[in-house]
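*Asks:* Have a look at this one before I ask anything.
The values are calculated or read from the model by the stated rules, or taken from the named source; none is laboratory data. From a predicted model like this one, the values you see are computed outputs, not experimental measurements. Positions of Cβ are backbone-derived with ideal geometry, glycine not excepted, and every protein chain shown enters the neighbour counts.
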Amino acid sequence: MTSDTPALRPDGFRDECGVVGVFGDTEAANLAYLGLHALQHRGQEGAGIASSDGKLIRAYRGRGLVGEVFGGAELASLLGHVAIGHVRYSTAGEGSLRNVQPFVVRYRDGQLGVAHNGNLVNAQILREELEDRGSIFATSSDTEVILHLVAGSGQGTFINRLVDGLMRVEGAYSLVLMTEDTMVAVRDPWGFRPLVLGQRGKSWVIASETCALGLIGAEYIREVEPGEMLIVDRDGVQSLFPFPRRPRRACVFEHIYFSRPDSTVFGRSVYDARIVLGRLLAEENPVEADVVIPVPDSGVPGALGYSQYSGIPYALGLIRSHYVGRTFIEPSQQIRDFGVKLKLSPVKSVIAGKRVLVVDDSLVRGTTLRKVVRMLRESGAAEVHLRITAPPTIGSCYYGVDTPTREELIATRMGVPEIGEFLGADSLTYLSINALRRAEGKDQGRFCEGCFTGEYPVDPHPDRLRRQMPLFVEGEKSSEV
Ligand code: SF4
């Protein structure tokens, strides 16, 4: 989806969250703020920054876009040389202000702040266990479970408590944490969500994507490895691998759709990855057409790749308005497809009388593409062929992406020809799973493909087993009673 807003793609997968951390700069909060701007595509419901001057962690959080949440006064109040930040969608927990991160708590050893990208599949089980032992939760977010586990650990140091707590969680987490004078970055052993390390002069930067490093003039050093914990303090950066090793299962959708094309994610240029997907799509699914057009902005690299391979000229047949905010007026039904027309408008000179091949990066519910096809036909397209640079989406994501339920996914209800018919297209084809794997190159087999195959690397419902268990086991009272 890259830079598309949810307003433009209400029927698509939505991004998850973005995190940033800065250590060793007196402008840490300002740099975190800029980093969050670069990560805005990963979450638009809320934003927050916590900072520390070595003695006290202060935080400011709000609902809305980064630029709406923070003004000069708010940023000026965030003093210190350490800062972490977060932009969010509500992948777990409701979308209210109390769920906006970073969360900052005080426990027996001081203050602790956390910003999380991902989703813990066993959060509910752990939460019930913790509540049984007397924990009181302030939010409905899975991230708060981590704070309770750390605070309640019997280990001696903060790092040991953190490792102890994270040993108990399952699922996806790319985390940036802070105490008053330390920053810690952790990526789960499967490596579902991205996380990178950068350097800016003498300061260290952590971010979900490299586009955040670019904006603040930080140099990209490397990925935080799956299962790695980086501890950043005045002595520099220390790397630990404290968790049992797992096979890497990075989210393939980051390359297809979520990350910004100017980012390097999982060690690879997102733009280059999308060009390859477009080229493979053209190789697999040729069709006679006069022009290749993208659904902007997300379909652009795929359409370029398709055009390069097929030799069919590339053109911009749809123009996206960059100034669409929320609109509260809905004209009468006489203006059909008003919502899509507000965001996309056709270039008739490109479309009229042509066999148009449209490239998009995903097809989730199909409601927007249906309107796009109608718009192209009304603009005089002779034929409309749809090509998708991903396989059919047949499952939800349990690892930190806000997805429709399985039943809402069009590919679970219809076969490809029926979907094409529903969309009003002359033809529709998707990229095959084999081609997607070819596109992964040397990392083939090291990606999560759960929403395309239904095979999930980590059991998405670990509580299922427990629900099947008797209420009383070995004289112990079940927490479900
Ligand atoms: Fe990514 Fe899909 Fe796996 Fe979720 S299920 S992590 S969106 S590939």
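*Asks:* Hey, could you check region 142-166 for residues that are assigned to a loop (DSSP other than H, G, I, E, B) and more than 16 Å from the ligand (Cβ to nearest atom) and say which is surrounded by the fewest Cβ atoms within 10 Å (Cβ to Cβ)?
*Replies:* In this case the residue turns out to be GLY154.
*Asks:* Assuming THR412 fulfils every condition listed in (1) surrounded by fewer than 20 Cβ atoms within 10 Å (Cβ to Cβ); (2) away from the ligand (no atom under 16 Å from the Cβ) apart from one, which condition is it?
*Replies:* With respect to (1) surrounded by fewer than 20 Cβ atoms within 10 Å (Cβ to Cβ); (2) away from the ligand (no atom under 16 Å from the Cβ), THR412 is out only on (2).
*Asks:* Same structure, new question: In region 382-391, is there at least one residue being touching a Pro at 6+ places or on another chain (Cβ under 7 Å) and surrounded by fewer than 23 Cβ atoms within 10 Å (Cβ to Cβ)?
*Replies:* no
*Asks:* When you scan region 425-447, do you find a residue that is farther than 24 Å from CYS251 by Cα, at pLDDT 95 or above, surrounded by fewer than 13 Cβ atoms within 10 Å (Cβ to Cβ) and not acidic (Asp, Glu), even just one?
*Replies:* No, region 425-447 has no match at all.
*Asks:* Taking the criterion of being within 20 Å of the chain's Cα centre (by Cα), more than 21 Å from ARG248 (Cβ to Cβ) and away from the ligand (no atom under 16 Å from the Cβ), would at least one residue in region 178-193 satisfy it?
*Replies:* No, there is no match, as no residue in region 178-193 is within 20 Å of the chain's Cα centre (by Cα), more than 21 Å from ARG248 (Cβ to Cβ) and away from the ligand (no atom under 16 Å from the Cβ).
*Asks:* Still on this structure, please answer the following. Can you tell me which of PHE266, PHE243, PHE253 is under 17 Å from the mean Cα position of the chain (by Cα) and within 30 Å of VAL82 (Cα to Cα)?
*Replies:* None of the other options fit; the residue is PHE266.
*Asks:* Select from region 57-82 the residues that are more than 21 Å from the chain's Cα centre (by Cα) and in a strand (DSSP E or B) and list them in ascending order.
*Replies:* ILE57, ARG58, ALA59, TYR60, VAL82
*Asks:* Right, here's the next one. With the condition kept exactly as written, say whether any residue in region 84-95 is more than 19 Å from TYR173 (Cα to Cα) and not in a loop (DSSP other than H, G, I, E, B).
*Replies:* No, region 84-95 contains no residue that is more than 19 Å from TYR173 (Cα to Cα) and not in a loop (DSSP other than H, G, I, E, B).
*Asks:* Hey, PHE422 hits all of (1) more than 15 Å from the ligand (Cβ to nearest atom); (2) modelled with pLDDT under 95 but one; which does it fall short on?
*Replies:* All conditions are met except number (2).
*Asks:* For region 271-316, what are the residues that are in contact (Cβ under 8 Å) with a residue 40 or more places away in the chain, more than 25 Å from GLY353 (Cβ to Cβ) and aliphatic (A, V, I, L, M)?
*Replies:* Answer for region 271-316, where residues must be in contact (Cβ under 8 Å) with a residue 40 or more places away in the chain, more than 25 Å from GLY353 (Cβ to Cβ) and aliphatic (A, V, I, L, M): ALA273, VAL276, LEU277, LEU280.
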